[in-house]
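The values are calculated or read from the model by the stated rules, or taken from the named source; none is laboratory data. Given the structure is predicted, the values throughout are model-derived calculations rather than measurements. Here Cβ is always computed from backbone atoms with ideal geometry, including for glycine, and neighbour counts include all displayed protein chains.
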Amino acid sequence: MKMIKVVLLLMFFVFTSTQIYSQETNPVVDNVSFTYDGSNITVTYDISDAEQTSVNVRVFISEDSGVSWDDSTNAATSGTGSVTVSSSASSKTIVLPYSGSATSLMVKVLADDETAGGSPCSGIEKVYYEGGPNSDAGGAYYTTIQIGDQCWLKENLDVGTMINSSTGGTNGDGAQTDNSTIEKYCYNNDANNCTTYGGLYQWDEAMQYVSTEGAQGICPSGWHIPSKSEFETLISYVNSQSVKFVDENETMSGYTPTNTSGFSALFGGLWQDYNTSFTGFEIYENFWTSTLYISGRPYLESVYYGSNFFSEGIGYNPDGYSIRCLKD
């Protein structure tokens, strides 16, 4: 086989966050190197972890000197997935079939000892609030996730009373209205879908009939509906770490979601007001922001089947989307 001469641009990647919960720390990857023989990239690295004996390892490839990265885990023939470290391990190997450009090749290795990705917010592991999908002696609660400098709820909000999307509500027309009750839709008017995916809320209901960016809305006290710029901060941080948003339980043919950010997005679909129907279940997830583009048209953030990443759009107030709360 003809060998291709490659300038090896090496880097190591350590998965950390700006705040650590309790004594949890992420694995340290060091001494990353690789060779390329024209058909395979062979990566070697050292890894250590003070707390776990098994960690998850993935490899990323860049063909443009680190401007963009491709998660090549699924193409790996050996060496990715769960790795036994026993405190530390030297000269671990990953072999990847590769036939792309060799001109500006870079490789990095990511290791994570959290099976669900990430760590809880420091000192705020649980938030007791209506609709929380977890419970203990203190009642229903949501869990938290620290991502960069931000503290998020790890589950979609599911607060309020379900109404029928066509015949429910104060006026019997399916609209969520300004009254003393928080109202929600559940996909296909099935309460079980709210249990799994959270409620779907019209923007005014979610904001509790104010239009102030960063309003608490239906979030717990001390939390708020994130603004467009706060979502952009989240997206920028997660993309810079080459990790992703989608809960691994969202498995479908030909698609392997990854959740190393710990955000745990789900494809819960939406309520579409203009044609009075639910749509998008197991295809995409839309989150309201608290920022208006123009009157009646708030910004939204969406994650789609097959992408793992967010894209920005503009919604329509009466549509029903998901809510994910951010700590003040």
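The residue that is farthest from residue 297 (Cα to Cα), counting only those in region 255-286 that are of a type in the set (D, E, K, R) and modelled with pLDDT under 90, is 282.
For region 162-174, does any single residue satisfy the condition of being under 19 Å from residue 267 (Cβ atoms) and of a type outside the set (S, T, N, Q)? For region 162-174, residues under 19 Å from residue 267 (Cβ atoms) and of a type outside the set (S, T, N, Q): absent.
Tally time: how many residues in region 197-212 are in a helix (DSSP H, G or I) and within 20 Å of the chain's Cα centre (by Cα)? Looking only at that region, the number is 1. When residue 187 is tested against (1) farther than 22 Å from residue 315 by Cα; (2) in contact (Cβ under 8 Å) with a residue 24 or more places away in the chain; (3) of a type in the set (Ser, Thr, Tyr), just one condition goes unmet, and that condition is (1).
Yes/no matrix, rows are residues, columns are (1) modelled with pLDDT of 90 or more; (2) of a type in the set (A, V, I, L, M, F, W, C):
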{"site": "147", "(1), (2)": "no, yes"}
{"site": "153", "(1), (2)": "yes, yes"}
{"site": "165", "(1), (2)": "yes, no"}
{"site": "178", "(1), (2)": "yes, no"}
{"site": "185", "(1), (2)": "yes, no"}
{"site": "224", "(1), (2)": "yes, no"}
{"site": "248", "(1), (2)": "no, no"}
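Suppose the filter is at pLDDT below 95 and within 17 Å of residue 315 (Cβ to Cβ); does residue 231 pass it? Yes: the conditions hold for residue 231. Residue 165 falls short on exactly one of the conditions (1) assigned to a loop (DSSP other than H, G, I, E, B); (2) within 20 Å of residue 262 (Cα to Cα), and that condition is (2). Residue pairs whose Cβ atoms lie under 7 Å apart, separated by 6 or more positions or on different chains, with the first residue in region 313-328 and in contact (Cβ under 8 Å) with a residue 12 or more places away in the chain and the second buried (at least 18 other Cβ atoms within 10 Å of the Cβ) and among the hydroxyl-bearing types (Ser, Thr, Tyr), are 313/302; 314/299; 315/321; 320/185; 320/201; 321/201; 323/201.
Residues that are farther than 19 Å from residue 262 by Cβ and part of a loop (DSSP other than H, G, I, E, B) were ranked within region 88-126; the one that is modelled with the highest pLDDT is 105. For region 265-279, the set of residues classified as closer than 14 Å to residue 175 by Cα and among the β-branched types (Val, Ile, Thr) consists of 276 only.
Number of residues in region 129-162 that are in a loop (DSSP other than H, G, I, E, B) and not hydroxyl-bearing (Ser, Thr, Tyr): the value is 15.
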